Amino acid sequence: MDFSELAKLASGHVEARAIQVAVSLGVFEALKDGSRDAATIASLLRTDPRATELLLHALVALGLAEKRDRFFSLTDVSAAYLLRSSPKYLGGMVLFESSLWSCWEALGRSVRSGKPARRPNMYQEDPEETERFIYAMDSLVKARGDAELVAEKVDLSGVAELLDVGSGPATYPIYLCNKYPGLRATIFDLPGTLKITEKIVRASGLADRISLIAGDYRVDPIPGRYQMVFLSNVIHAESAQENAGLMAKLHSCLDSGGRIVIKDHILDDTLARPAAGVIFALTMLLTTNYGRCYSFNEVKGWLEGAGFERVREIPLPSPLTSSLVVGEKES
């Protein structure tokens, strides 16, 4: 690393905040129908013209807007990912990251105390927070193509009943049920989350094949029998002890020969690589009681302790920054 790279890292919040504010204000939506000058955009957004022009110039510098003469327009990237009408809209995740701004401001306090910067309630107590969180997860998975890439790595052709624990917006079950016409899915998640999930599932036209069960996997039994259990971005929110107990609970839900598939940031044994997962672990410090990212051998230990066999890691290609860990229940 040289000075320029260090300086860029140290000021990275500036670029992030410019993008978050632009999405929040509706800058990209104001450019949806074609080029406009700064004064027109400011009028549409009811913002200050001088300040709006400064923000637009910053977006040009970041490659998220183009300027010709005095007119601004979208780039291919902003049109693909930052317009609400795009099927790959990432704005939900951008706005969620913006909501965590005060948490990151409190990072020093959390490092000193070991306590989260916000109440670790899994975004369940405020319906507005719940909705923002769930749609952020949906936004990220759709924009990045996670479900498609997972389906390339895991064959579900022999699976009749899938359990998705902590599914959130049901993005994976919806995609997988569309890909596999014989598949039925059950989602087990918190009650506040399922109020949002139900709307999404109903809109997908798959309500007859995707069932919703409200509960807390930490304390509640998980009913049903399944050939596959899927967990995406669940284990990083829990302690190692909690995860070990969850693996045992899920083992008992599986038919003989069934599989568990865990998608998450998976670290190497140093716990300092890869970078995306290591940095993400700080988000867990700020928002959960004991969450962090874990190594493959840690996850393997929980699974083998619960009775799973042939545990293996399947790396996922870019732009994903996570891996799959798969284990099998003895036949």
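The values are calculated or read from the model by the stated rules, or taken from the named source; none is laboratory data. This structure is a prediction, so every number in the text was calculated from the model and none was measured. As a convention, Cβ positions derive from the backbone with ideal geometry for all residues, glycine included, and neighbour counts pool all protein chains shown.
Within the range 173-218, if we keep just the residues that are of a type in the set (Asp, Glu) and surrounded by fewer than 21 Cβ atoms within 10 Å (Cβ to Cβ), the residue that is nearest to Leu231 (Cα to Cα) turns out to be Asp216. Taking the criterion of being in contact (Cβ under 8 Å) with a residue 24 or more places away in the chain and more than 26 Å from Lys249 (Cα to Cα), would at least one residue in the range 184-196 satisfy it? Scanning the range 184-196 turns up no residue that is in contact (Cβ under 8 Å) with a residue 24 or more places away in the chain and more than 26 Å from Lys249 (Cα to Cα). Among the residues here, Arg310 does not qualify as closer than 24 Å to Tyr123 by Cα and basic (Lys, Arg). Among the residues of the range 248-279, the ones that are on the phi < 0 side of the Ramachandran plot and surrounded by fewer than 18 Cβ atoms within 10 Å (Cβ to Cβ) come to 15 in all. Screening the candidates Ala143, Ala170, Ala136 for the property of being on the phi > 0 side of the Ramachandran plot, within 17 Å of the chain's Cα centre (by Cα) and surrounded by 19 or more Cβ atoms within 10 Å (Cβ to Cβ) yields one hit, Ala170.
Sub-8 Å Cβ pairs linking a first residue in the range 1-14 that is assigned by TED's automatic domain parsing to the domain that holds Leu62 and at negative phi to a second residue that is surrounded by 10 or more Cβ atoms within 10 Å (Cβ to Cβ) and at pLDDT 95 or above, at least 6 apart or interchain, are His13/Trp104, ordered by first then second residue.
Assess whether Val141 counts as being in a loop (DSSP other than H, G, I, E, B) and either in contact (Cβ under 8 Å) with a residue 40 or more places away in the chain or aliphatic (A, V, I, L, M) (or both). Even if it seems obvious, please write down each step before you answer.
On the way: in a loop (DSSP other than H, G, I, E, B): no; either in contact (Cβ under 8 Å) with a residue 40 or more places away in the chain or aliphatic (A, V, I, L, M) (or both): yes.
Against the criterion (in a loop (DSSP other than H, G, I, E, B) and either in contact (Cβ under 8 Å) with a residue 40 or more places away in the chain or aliphatic (A, V, I, L, M) (or both)), Val141 does not qualify.
Quick check on the range 72-80. Is at least one of its residues surrounded by fewer than 16 Cβ atoms within 10 Å (Cβ to Cβ), within 21 Å of the chain's Cα centre (by Cα), modelled with pLDDT of 95 or more and outside the structural domain of Glu198 (by TED's automatic domain parsing)? The answer is yes; a qualifying residue exists. Taking each residue of the range 87-114 that is assigned to a loop (DSSP other than H, G, I, E, B) and looking for partners that are among the aromatic types (Phe, Trp, Tyr) with beta-carbon atoms closer than 7 Å, six or more apart or interchain, yields Lys88/Tyr81; Tyr89/Tyr81; Leu90/Tyr81. If you go through the range 24-43 and keep only what is touching an Asp or Glu at 6+ places or on another chain (Cβ under 9 Å) and part of a helix (DSSP H, G or I), you end up with Ala38, Ala39, Ile41, Ala42. Would you check which residues across the range 233-283 are part of a loop (DSSP other than H, G, I, E, B) and either of a type in the set (Ser, Thr, Tyr) or over 19 Å from Tyr172 (Cα atoms) (or both) and list them? Glu238, Ser239, Asp268, Asp269, Thr270, Leu271, Ala272, Arg273, Pro274 - these are the residues of the range 233-283 that are part of a loop (DSSP other than H, G, I, E, B) and either of a type in the set (Ser, Thr, Tyr) or over 19 Å from Tyr172 (Cα atoms) (or both). For the range 160-168, the criterion of being out of contact with any helix residue (DSSP H, G or I) (no Cβ under 8 Å at 6 or more places or on another chain), in a strand (DSSP E or B), without any contact (Cβ under 8 Å) to a residue 60 or more places away in the chain and not aromatic (Phe, Trp, Tyr) is met by none of the residues.
For Asp164, the stated conditions hold: it is farther than 30 Å from Val27 by Cβ, acidic (Asp, Glu) and either at pLDDT below 95 or touching a strand residue (DSSP E or B) at 6+ places or on another chain (Cβ under 8 Å) (or both).
Name every residue in the range 219-232 that is surrounded by fewer than 20 Cβ atoms within 10 Å (Cβ to Cβ) and either in a helix (DSSP H, G or I) or in contact with a strand residue (DSSP E or B) (Cβ under 8 Å, 6 or more places away or on another chain) (or both), in order of residue number. Walk me through how you get there before you give the answer.
Going through the range 219-232, the residues surrounded by fewer than 20 Cβ atoms within 10 Å (Cβ to Cβ) turn out to be 219-225, 227.
Within the range 219-232, Ile222, Pro223, Gly224, Arg225, Gln227 meet the criteria.
When we screen Ser4, Ser24 for residues that are within 22 Å of Lys142 (Cα to Cα), hydroxyl-bearing (Ser, Thr, Tyr) and exposed (fewer than 15 other Cβ atoms within 10 Å of the Cβ), the only hit is Ser24. All of Glu129, Glu198, Glu125, Glu152 fail the test of being charged (D, E, K, R), outside the structural domain of Gln241 (by TED's automatic domain parsing) and in a helix (DSSP H, G or I), apart from Glu129. Contact map, the range 218-237: first residue in the same structural domain as Thr288 (by TED's automatic domain parsing) and within 17 Å of Ala185 (Cα to Cα), second residue assigned to a loop (DSSP other than H, G, I, E, B) and of a type in the set (Val, Ile, Thr), Cβ cut-off under 8 Å, separation 6 or more or different chains; pairs are Gln227/Val159; Met228/Val159.
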